[in-house]
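Have a look at the structure below, then the notes.
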Amino acid sequence: MKRLFVFFMLCNFLSFADDGSRLWLKYDLIKSESQRKVYSKTYKKIVVLNQTPGIELAAKELQEALTGLLGTKIPISYESNNVTSSKKSIVLGLTDLGSEEGFSIAGDNKSARIESKSEIGLLYGTFAFIRRIQNLESTTFQLTDSPKVKVRMLNHWDNADGTVERGYAGSSMWKWPELPETIDPRLIQYARANASIGINAVSINNVNASSRFLTPEYLRKIKGVADVLRPYGIKVFISVNFKSPKTLGGLETSDPLDESVRNWWLKKTNEIHDYIPDFGGYLVKANSEGEPGPQDYGRTHADGANMLAAALEKRDGIVIWRAFVYNADINGDRFQEAFNQFKPLDGSFHEKVVVQVKNGPIDFMPREPFHPMFGAFPKTPLAMEFQITQEYLGQSTHLTYLAPMFKETLDSKIDANYTVAEVVEGTKDKFPISVIAGVANTGSDVNWTGHPFNQANWYAFGRLAWDYSLSSEQIAKEWTNMTLSHEPSVVNSIVDLMTESLPTYIKYTYPLGLHHMMGEGHHYGPQPWLEKSGRPDWTSVYYHRADAKGIGFDRNGKMSNALSLYSKEVQNKWNNPATCDLNYLMWFHHLDWTYKLSTGNTVWDELMIRYFQGPEEVKAMQSQWEKLKGKIDSEFFDNVAGRLKTQEREAYWWRDACYLYFKDFSKLPLPNGLKAPSRTLEDVKNIERIYHLR
Ligand code: GCW
């Protein structure tokens, strides 16, 4: 029997194949024996001072982690508060100090102590402690930490029929037909993963919302999910369809100022609380892309949001009202729409309302200047909405690590004094609520996210939502250590690949600040020639404005005044094409093809150099990846190797599409040394056409 056990342990030790389902919470045996010893001689037991269900949960997580990482089972003991000796232990206990979700950990070479004011703080502290061991950090340290933003949220765009809008990792994780009687154990894994990075809120359904989610039938199901998530500190929000009073309640109208409508929402809100007493609140997409909203009744966004807030008046929940709105106006600039619609409402929102703004003014493009609403709404708390799912960022076939993109927005200065992150956090205007949301990239795929590296984007989002001051490199390093390897050369190589991945992606898709040139509807691959769609601002030509003279969208007065929405400091940074950050150039300037840039190249040459460099860099990524063969888990390795091949093919697709299309405008030759592709524009157009076949 014993021999068999040793055999299995050895297999576990040597085997590499891993389906990725455990995410970054792998807890595999630390390979270096000396390293294991450092921990196992310091931590011989877990001591729980306050025996509550929440603390037991933390202690069990810690036990599971240590058992896996160190290879021996560490016992848990429950002791009274006046414990005298905590030698060789990890002590978990409540304290009166600190903030609600914060924690402190002190460790030396004899013991460690994790403390918090709350059970959830202790769970966060426990995960932070485990993370340290997964990163092979020293036993001697002091750490006090608490989240900067209060609501750290995933927005799922999951539909009632099990599909996921813009989901690239299978179908919905919520198995509606089975709920609530059958609880998929994966829900617990999902809750653990979120808690380990501090995510404390989840909106479970698509913002293009079905009223179905407000029926008793579905509220029972949502309660099933909420009950699983609650012990992990995660609150559930519901995205609502604004027309529900009419469609579901049978009322004549859904006018937010109508008494019967207001009563309907109040009753519905009370009913939701019967199922989910700690209901997080509502997330609303209204009067946007065909969704109903208060404007259908001549009312404002504030009227709509405030009505829902009134229904939550006596509750803890909040209303998160999205600012992603725009009108189909060929002469307008979608960049300014949300700003213009919401600006007059600043100061008129109920105190329970937060307005959720996408990171950039258009729509989650790979690189956008920060949304001008941040910094211009001193009387309204603004939530940040990032997209973790990679609608415009290679979906599930391109390796693109998004932390640098999240950071670029968060670290942007709105004026001489404040950053976007500080606006969101509420430090600038002193708001009691703060929210940061990420559109989730999770699905039914075994590894949760499709592309194995997309796990890192979920991880990075959570870590930055907790503490936006962390660096992208540090997060990549942590994640790699926890997920793939402790070998320094391997870790460095992977962190390097991750760090370079977004700049590479941008080179072959949207260099120099080009934006919105993807395939119509499916948003996959390039379609810069798209000139007719359901709306002018769904085309590509609306954005790149290429003509015989030049390219780019002059938002500095000539094509729109959007740049004037920013502070003077920001305008001064971007209003001159000679000094504007090249990454944002085409966002604000229309320049002649022959305009000389600070790089010494003309606009045409610089664009082409970048378009042609992109796919070459993907090839370099492949060679770098090949060198990791045998050094990391084989399943992860093969999965990524395959996707890198697709990425290479698609990088050439982007390059060729953009070169072949734009050259007919510029009529210029490729810069020296670059070789034209052999295929024609018609050839690349045909690739995109496939995606519209039934
Ligand atoms: O980017 C667009 C997507 C839509 C999405 C919308 C939004 C949920 O293409 O699929 O709808 O944004 O954010 O509301």
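The values are calculated or read from the model by the stated rules, or taken from the named source; none is laboratory data. Everything numeric in this text was worked out from a predicted model, so none of it was measured. Cβ placement follows ideal geometry from the backbone for every residue including glycine, while neighbour counts extend to all protein chains displayed. The area values use the complete protein model at the heavy-atom level, side chains included, leaving out ligands, DNA and RNA. Shrake-Rupley method; radii C 1.70, N 1.55, O 1.52, S 1.80 Å.
Among the residues of the range 558-565, is there at least one that is in a helix (DSSP H, G or I), open to solvent by 30 Å² or more (accessible area, probe 1.4 Å), free of Cβ contacts under 8 Å to residues at least 60 places away in the same chain and in contact with a helix residue (DSSP H, G or I) (Cβ under 8 Å, 6 or more places away or on another chain)?
Yes, the range 558-565 contains a residue that is in a helix (DSSP H, G or I), open to solvent by 30 Å² or more (accessible area, probe 1.4 Å), free of Cβ contacts under 8 Å to residues at least 60 places away in the same chain and in contact with a helix residue (DSSP H, G or I) (Cβ under 8 Å, 6 or more places away or on another chain).
Report yes if some residue within the range 636-645 is open to solvent by less than 30 Å² (accessible area, probe 1.4 Å) and either in contact with a Lys or Arg (Cβ under 7 Å, 6 or more places away or on another chain) or in a loop (DSSP other than H, G, I, E, B) (or both); otherwise report no.
yes
Of the numbered conditions (1) outside any loop (DSSP other than H, G, I, E, B); (2) open to solvent by 50 Å² or more (accessible area, probe 1.4 Å), G290 satisfies every one except a single condition; which is it?
Every listed condition holds for G290 apart from (1).
Could you go through the range 485-499 and let me know if any residue there is part of a loop (DSSP other than H, G, I, E, B) and acidic (D, E).
Yes: the range 485-499 contains one or more residues that are part of a loop (DSSP other than H, G, I, E, B) and acidic (D, E).
Just to check your reading of the model, which residue among D592, D633, D554 is acidic (D, E) and out of contact with any Lys or Arg (no Cβ under 9 Å at 6 or more places or on another chain)?
Going through D592, D633, D554 in turn, just one is acidic (D, E) and out of contact with any Lys or Arg (no Cβ under 9 Å at 6 or more places or on another chain): D633.
Yes/no matrix, rows are residues, columns are (1) small (G, A, S); (2) outside any loop (DSSP other than H, G, I, E, B); (3) open to solvent by 30 Å² or more (accessible area, probe 1.4 Å):
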position	(1), (2), (3)
G162	yes, no, no
M173	no, no, no
R192	no, yes, no
R220	no, yes, yes
E252	no, no, yes
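Of everything in the range 535-557, what is within 16 Å of the ligand (Cβ to nearest atom), open to solvent by 10 Å² or more (accessible area, probe 1.4 Å) and free of Cβ contacts under 8 Å to residues at least 24 places away in the same chain? Give them in sequence order.
Scanning the range 535-557 gives a single hit, W538.
Are any of the residues in the range 505-517 assigned to a helix (DSSP H, G or I) and within 20 Å of the chain's Cα centre (by Cα)?
Checked the range 505-517: at least one residue is assigned to a helix (DSSP H, G or I) and within 20 Å of the chain's Cα centre (by Cα).
Taking interchain pairs and intrachain pairs at least six residues apart, which have beta carbon atoms under 8 angstrom, with the first residue in the range 200-220 and closer than 13 Å to P180 by Cβ and the second away from the ligand (no atom under 16 Å from the Cβ) and among the acidic types (D, E)?
Between residues of the range 200-220 that are closer than 13 Å to P180 by Cβ and residues that are away from the ligand (no atom under 16 Å from the Cβ) and among the acidic types (D, E), the close pairs are P216/E271; L219/E271.
Tell me which of these G519 doesn't satisfy, since it passes every other one: (1) surrounded by fewer than 22 Cβ atoms within 10 Å (Cβ to Cβ); (2) within 16 Å of the ligand (Cβ to nearest atom); (3) within 30 Å of A191 (Cβ to Cβ).
Unmet condition: (3).
I'm trying to understand the selection: among the residues of the range 372-390, which are open to solvent by 10 Å² or more (accessible area, probe 1.4 Å), at pLDDT 95 or above and not hydrophobic (A, V, I, L, M, F, W, C)?
Passing the criteria: P378, K379, P381.
If we only count strands (runs of 3 or more DSSP E) wholly inside the range 64-117, which ones have 1 or more residues that are closer than 22 Å to I197 by Cβ?
89-94, 103-107, 112-116
On the basis of being within 16 Å of the ligand (Cβ to nearest atom), among the small types (G, A, S) and modelled with pLDDT of 95 or more, does A128 make the cut?
no
When you scan the range 397-450, how many residues do you find that are buried (at least 21 other Cβ atoms within 10 Å of the Cβ) and in contact with a strand residue (DSSP E or B) (Cβ under 6 Å, 6 or more places away or on another chain)?
The total comes to 10.
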